[in-house]
Amino acid sequence: MSGTGPARMAFLGSFAPPDGLLSRVRWIFLLASLVMAALVVPTTVASDHPTPASLRAAAFAGLAFLAWRYARGYRRSGFSPLPLTALEGLALGAACLATGNPPSALGLVYAGLMFRSLYGRTRDAVSVLAAYLVAFYGAVALTPLATGGYAVAPASVLPNLFGLVLMSLTLHLLSLTLSRQGRALDRERTLRDAGAALAASHDRQMVYDAALAAALRLVGKGVPSVRSGLAMGSEEEMDVLASAGHRAEEIMGYKLAVRNLPEGQLARLLDGRSVGGEDASADVVLRSALGLTPRPRPFFMIPLLIEEELRGVIIVASDATLPGDIKQGLETLGFQVSLALEAHALTESAYRRRGEERLRTLVSNVLDVIMVVAPDGNLTYLSPSVERFLGHRPEDLLGTNGFDLVRPDDLETAQQFFGEVMQSGPEEHGLMEVRLTHRDGSWRYAEVTASNRTSDERVGGVIVTVRDITERKKAEEELSRLASFPRLNPNPVMEVDLSGNLTYCNPAGRETFPDLEEKGSEHPVLSDLDAAISRLALGEEAFVDDEVGVGEAYYHRVVSLVTGNALVRVYVIDITRRKALEDQLSHRAFHDALTGLPNRALFMNRLDHALERARRTDEEEPDGVAVLFVDLDRFKAVNDTLGHEAGDDLLVEVSGRLGGALRPGDTVARLAGDEFAVLLEDVSGSGEVVRAAERLLEVLEEPFRLGARETFVTASIGVALGGLDGRALGEKTAKDLLREADVAMYAAKKGGTRHAVYKEEMGTRALERLRLENDLRRAVEDPAGSGFRLHYQPKLGLATGEISGVEALARWDHPERGNVPPEVFVPLAEETGLIVPLGEWVLGEACRRAVEWQGLRPSRPPGISVNLSVRQLRQEDLVERVARVIEGSGLPPEVLSLEITEGLMLENEESILAKLQGLKALGLGLEIDDFGTGYSSLSYLKRLPVEVLKIDRSFVEDLTENPEARKVVRSIVDLARALNLSTVAEGIETRAQLETLKALGCELGQGYLFSRPVPAEEIPPLLTLGPDPSTPEPAS
């Protein structure tokens, strides 16, 4: 019912006094007709003649029909043809007859006839006049018979006949005159407006739309079923590019075969003259092209000449023939449209010339990629920007198929899109999103637009513009993941006005904060919004975020301004778990993961603060600071023998005992591995610190139970004092104190005192060791140029006395320090890792020398053995490194032997075994050095691909005097014989030792009895000596 009022007002408004002289005349006679019809009603009712009831009913129905007919015709500015006009006459006759006195209804006859004479053509006016006269005079004749009313003499009403005819024709002529005048004015106004619209049009489509709109206005509403279309093309064929009017959409896109028009009509069009017709044979081509009915239908076609050539037509078709003045207006409109199109053509030509010049520059710099794709899909042109987008140079892609760049998932869509573009016209543009492959194999999102220019000889293909939208797609995907309607958002979303008052809360918010609506802006989640709202209102920021706590929970709060509304939206995400995780991460960042103790970073932080507090204390009551550096002894042995899990358990137990032996305010931290540090604050003297160190050692003396075993662990403790016993803090830092404690710990470990307090001379020794380490680092960069040399100690067959090979030993003749003993620099190199590059140099130098010596004894080439350190054996690429050295030197692999220490058996068995097998696969030999002094596992020894066991010099030294030593050596020889291994005795210095070893069955030996380690230059003479095992002389 809500639409009834406006509809009624619109209906009544259509009967308001109109503009225009003819319209006002029609309105006056409409009112007169309706008034006259209304006056007939009481006349009929008051008639005292015996009028039948059925006649009265027919009269009232007729009056209603006339009122409806007049009102409808007025609103539609016209009346339907003859059949309804005849009904008007019947209705009028019934009304006159029912009165019993027809002259009393003469006013209705006059008013209705005058009103109807103002519409239609002359033949329509004559039809109405005839119908009304027949109705009136028929009623006059039939009244006495039908109603028993008065008989009217014909002579008395005859003068009305001439009055009716005269008035009808006069008003009709007046309406024709006023109609022509109105149409002329409308035509001039329409053409003037059309000219302005055409002049203001920016493109051809605006010209088409303005032309058709003007054509419909020129024809006007009085012509039924008007359809207009505008076609453009050539003299052969044109396409309907725009349409308007009755069922206009049916002719859009139709092709007009202009060449098939009758010769006379085509000649007129080519000459710039309009063509019209109604016969079905002449315009059958146009009629079928426009989708018109097969019956003859009037049409009018106006040519559009551009540069004196036929390039288009405007076609107007209707159910009625167009008046001449309308045709003249349409011809004038056609001339205006031709001028407008020609102006656009000239402008486009000028722009095209300038555009072609600019295009070359723009295309080479534009970010979008421009391609020309041939109908078969091959690329015939690519702009330089393709290299920036897809990584390919344009010349590399020319001639290739463009579909090869499309991701397989998108290939079908791309091919379908290309097919649709090929079927479209040049003015149509397709749009598609597709993924293209980059040269590096990645995918790029692209927005593709295409235009079919295959008919353009300059192009000969489809112009494709490719825009990189990869970042936009990522942003859209991100927004798609994050965006959601507040109501569906699983997180709380609230809206407040600029005063902070709550205006909305989604279901998740009400569930999370049940008291939110009750507390409103006083709720913690909406607290302190004033500053954020001010910044947002001033446009300083797009959003403001912070963290708020509600009870024990924490929330990330984002505040943003709702565009277009004076509202602020508050998004809330629960970050309680994240905060807990951050606390855990913070704890982990400053605590040891295994023991839970503070780590080095936290310890140094606390030590820094302790030093600052110590410096601020009263000088009369100084508070000292002490640092204890605790290092476990033989912890690696526990790790290697019992496993890392047992080692971890030991560290946890040690940390608990250390913490239990300290005061509540003291700090114990795990620095790394088996190293711990203790911070003591507010201590009065060194005695208190030493007692604390002794307590720590005492708690570690008790056995540790690791699984089913009991293990004893000792420790070494270094103590550094700050601000105690006259040791001023000065500028001493936390790093200084920790370094001093570390130095003191090494002094305690080396001296066997278990704990030691740092002294200046300890720092001197540590500094000296540091200097030696620096010298060693520099020397390793160029060993030969820094005093490193190789000496070689011969190995002899004990039964023959012949030299079977030599062992390469490193010596360091320091430019300033002189000779640095191996027992000094080798452990330092092992500790610092410098043994790796040094050992690689030794191996290479030894192989080079061995190659030189091969020719001295070709039939029995001497072997050479090189020590392999623990650090080297831990290298993942050890086998490859050794292979490169052998290959580079040219030494036969079987000449080289590598010596490994027995302690390597404590390392990861599988890893060590795999590397040794790899070395053995190269063809070289393997020896176990210092056998019998370390961890001897028979089962492991059987798996090792070794060939030689070297008996440690400690057993050889006591061989002649200690029966136990003799038994050990015999056992080693027997074990080697059982495993099919050779034995080498080290450190042979006396003939008695030699004879005993020969008697025990030892095969090879080396020692001062035969030769000290000598430079390489002294080896060749020794190799050329013949075997003489009976009388070896001690080496000098």
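The values are calculated or read from the model by the stated rules, or taken from the named source; none is laboratory data. Only a predicted model underlies this, so the values are computations on that prediction, with no experimental measurement involved. As a convention, Cβ positions derive from the backbone with ideal geometry for all residues, glycine included, and neighbour counts pool all protein chains shown.
Structure data summary
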{"item": "Residue match in the stretch 85-105 (condition: within 24 Å of Leu21 (Cβ to Cβ) and either among the hydroxyl-bearing types (Ser, Thr, Tyr) or modelled with pLDDT under 80 (or both))", "result": "no"}
{"item": "Residue satisfying condition, being modelled with pLDDT of 80 or more, surrounded by fewer than 17 Cβ atoms within 10 Å (Cβ to Cβ) and under 22 Å from Leu108 (Cβ atoms), within set Ala53, Ala64", "result": "Ala64"}
{"item": "Hey, Ala131 in contact with a Gly (Cβ under 7 Å, 6 or more places away or on another chain) and modelled with pLDDT of 75 or more or not", "result": "yes"}
{"item": "Top-ranked residue of the stretch 249-269 - restricted to ones that are closer than 15 Å to Ala317 by Cβ and touching a strand residue (DSSP E or B) at 6+ places or on another chain (Cβ under 6 Å), ranked as surrounded by the most Cβ atoms within 10 Å (Cβ to Cβ)", "result": "Leu256"}
{"item": "The lone exception for Asp674 - which of (1) surrounded by fewer than 14 Cβ atoms within 10 Å (Cβ to Cβ); (2) within 22 Å of Glu710 (Cβ to Cβ) it fails", "result": "(1)"}
{"item": "Selected residue (only one of Met422, Met432 is over 27 Å from the mean Cα position of the chain (by Cα) and not aromatic (Phe, Trp, Tyr))", "result": "Met422"}
{"item": "Residue among Arg884, Arg857, Arg817 that alone is of a type outside the set (Val, Ile, Thr), more than 55 Å from the chain's Cα centre (by Cα), surrounded by fewer than 16 Cβ atoms within 10 Å (Cβ to Cβ) and over 20 Å from Gly785 (Cα atoms)", "result": "Arg857"}
{"item": "Which numbered condition Cys847 fails, given (1) in a helix (DSSP H, G or I); (2) outside the structural domain of Ser911 (by TED's automatic domain parsing)", "result": "(2)"}
{"item": "Selection count, the stretch 250-269, where residues are without any contact (Cβ under 8 Å) to a residue 24 or more places away in the chain and among the acidic types (Asp, Glu)", "result": "1"}
{"item": "Strands (runs of 3 or more DSSP E) contained entirely in the stretch 917-1008, each with at least 2 residues that are within 21 Å of Val870 (Cβ to Cβ) and among the aliphatic types (A, V, I, L, M)", "result": "925-931, 948-951"}
{"item": "Test result for Ala446, under 28 Å from Leu397 (Cα atoms), surrounded by 13 or more Cβ atoms within 10 Å (Cβ to Cβ), at pLDDT 75 or above and in contact with a Leu (Cβ under 7 Å, 6 or more places away or on another chain)", "result": "yes"}
{"item": "Tally of residues being modelled with pLDDT under 75 and not in a helix (DSSP H, G or I) across the stretch 461-497", "result": "7"}
{"item": "Selection count, the stretch 574-612, where residues are of a type in the set (Ser, Thr, Tyr) and under 41 Å from the mean Cα position of the chain (by Cα)", "result": "2"}
{"item": "Subset of the stretch 654-671 (residues that are in a loop (DSSP other than H, G, I, E, B), loosely packed, with under 12 Cβ neighbours inside 10 Å and not basic (Lys, Arg))", "result": "Pro664, Gly665"}
{"item": "The stretch 81-127, residues that are in contact with a helix residue (DSSP H, G or I) (Cβ under 6 Å, 6 or more places away or on another chain) and assigned to a loop (DSSP other than H, G, I, E, B)", "result": "Thr99, Gly100, Leu118"}
{"item": "Inter-residue pairs, beta-carbon under 6 Å, first not assigned by TED's automatic domain parsing to the domain that holds Met301 and in the stretch 232-249, second small (Gly, Ala, Ser) and not in a loop (DSSP other than H, G, I, E, B), 6+ apart", "result": "none"}
{"item": "Residue in the stretch 550-601 that is modelled with the lowest pLDDT, counting only those that are among the acidic types (Asp, Glu) and part of a loop (DSSP other than H, G, I, E, B)", "result": "Glu552"}
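Table: residues versus (1) of a type in the set (Ser, Thr, Tyr); (2) surrounded by fewer than 13 Cβ atoms within 10 Å (Cβ to Cβ); (3) under 21 Å from Ala601 (Cα atoms).
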position: Val689; (1), (2), (3): no, no, no
position: Arg695; (1), (2), (3): no, no, no
position: Pro703; (1), (2), (3): no, yes, no
position: Glu710; (1), (2), (3): no, yes, no
position: Ala720; (1), (2), (3): no, no, yes
